[in-house]
1. Whether any residue in the range 342-353 is in contact (Cβ under 8 Å) with a residue 24 or more places away in the chain, out of contact with any helix residue (DSSP H, G or I) (no Cβ under 7 Å at 6 or more places or on another chain) and surrounded by 17 or more Cβ atoms within 10 Å (Cβ to Cβ) is what I want to check.
2. Within the range 142-161, count every residue that is under 23 Å from the mean Cα position of the chain (by Cα) and within 23 Å of LEU6 (Cβ to Cβ).
3. How many residues does the range 267-312 contain that are at pLDDT below 95 and β-branched (Val, Ile, Thr)?
4. Could you pull out every one of the helices (runs of 4 or more DSSP H) wholly within the range 302-395 that has 1 or more residues that are more than 21 Å from SER171 (Cα to Cα)?
5. Restricting attention to the range 36-95, which residues are among the basic types (Lys, Arg) and closer than 15 Å to ARG106 by Cβ?
6. Scan the range 271-295 for residues that are assigned to a loop (DSSP other than H, G, I, E, B) and surrounded by 22 or more Cβ atoms within 10 Å (Cβ to Cβ) and report the count.
7. Being surrounded by fewer than 18 Cβ atoms within 10 Å (Cβ to Cβ), in contact with a Ser or Thr (Cβ under 7 Å, 6 or more places away or on another chain) and under 14 Å from ASP293 (Cβ atoms) is the filter here, so list the residues in the range 175-227 that pass it.
8. Tally up the residues in the range 307-337 that are over 15 Å from the mean Cα position of the chain (by Cα) and surrounded by fewer than 24 Cβ atoms within 10 Å (Cβ to Cβ), please.
Amino acid sequence: MRKPVLTIFYQFNPWQTSIGGIQTLINTFIKYAPQEFEVRLVGTASDRSQTLGQWQKAEFAGREISFLPLFLLENDDFRGLIPTTIKYTAALVGRNYASDFMHFYRIEPTIVTRHWQGEKTLFIQNDIQAQIAAKDDKNAILWRKFPAAYFALEKALVSQFQQIYSCNTESMKLYQQRYPHLQDRVAFLKNTFDEEIFYPLSPDKREQGRRELATRLGLDENTRFIMFAGRLHPQKDPILLIRSIAALGESNIHLLMAGNGELADSVRAEITQLGLEKRVTMLGAVQQKALADLHRVCQALVLTSAFEGLPFVVLEALACGTPIVTTKAGETPQLLSSNSGIVCEERTPDCIAHALHQVVMNPESYPTSACVRTAQPYAARTVINEVYKKMWQRWETKSLVAATC
């Protein structure tokens, strides 16, 4: 029996440091793919040395894959005048990369793929209703200006998917309500953390690492660290985060910001305006293993998002033993226990600052063991292997039916 082929469609290059939950999920699907599957990725080129429009063999995370870049995208953390998803969709026109299994992370490209043969799966990362319905600029996605058009497009395309996975229970419910004839195809999928990369240190090593980081940054040895990791995008509301640090008013608490994006200059300006240059360090894009090292020595991870799914960074921080401070966005509030983090009732600097102070200054109330226990059901190997197991079962059934016809 030949190997079934999985083709993943998304506008990124896995060998380039890239920020986002979708990229993390795809990387995990590649890394933990069973050898019984052939894996392909239709993505983008990060430099001009890569040949566009041609399949090429490559290795990622110890796994051989076939990679085809559609066009050059040197930095996918910044949006251009034309949305990248539109460019990606246009680049698919006139092509056919159909395979046994196809995974999509945006619905727009499937305008082109409606007639391609094979099993298609749609992955949904955010609360779609929250994204579309928001009335202020913090939503910052094009479709919010045309919600009726988005839902009309979705209605025209959604029936082609044999599987629809959502990491957000609200989006899962929305799809089941809007498309009752597809209810059996819609399911909740846990986001994951890679347990080979994200794990805790002993208390002594954690404390040693914290002191070494403080020294490396030229800070007082007693400095405590708060971590933000994500795209500097209106969804994440990093300006609110900076204002929360100003409201915190603790000189020995330092914010580390890992990530880049369109709001980077605005964040820098806000830091300067509020006089926080010595209390905030912008790290830019950080490789996954280096990010894990930072999680392990920080006292809290903070999210000030306007809307979310279940951020991978939350699971990664918890797996490293680091508690969470979050706004009431996405699945994180349902995930946290009373001793693994705090959910802020208001998206205000004072409320967030108060929660950060509580977590950082009372580490005994948020022990490493409680954080790790909260994350454990989301270990990547377990979650991803279950998805592949079901794919293999469907493949075997289909092959058996074809052999008997």
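The values are calculated or read from the model by the stated rules, or taken from the named source; none is laboratory data. All values reported here derive from a predicted model rather than from experimental measurement. Using ideal geometry, Cβ is built from the backbone for each residue, glycine included, and neighbour counts are taken over all protein chains shown.
1. Taking every residue of the range 342-353 in turn, none turns out to be in contact (Cβ under 8 Å) with a residue 24 or more places away in the chain, out of contact with any helix residue (DSSP H, G or I) (no Cβ under 7 Å at 6 or more places or on another chain) and surrounded by 17 or more Cβ atoms within 10 Å (Cβ to Cβ).
2. Number of matching residues: 2.
3. Qualifying residue count for the region: 1.
4. Here the list reads 312-319, 349-361, 368-375.
5. Those that are among the basic types (Lys, Arg) and closer than 15 Å to ARG106 by Cβ: ARG79, LYS87.
6. 1
7. Across the range 175-227, the qualifying residue is only LEU217.
8. Final tally of qualifying residues: 6.
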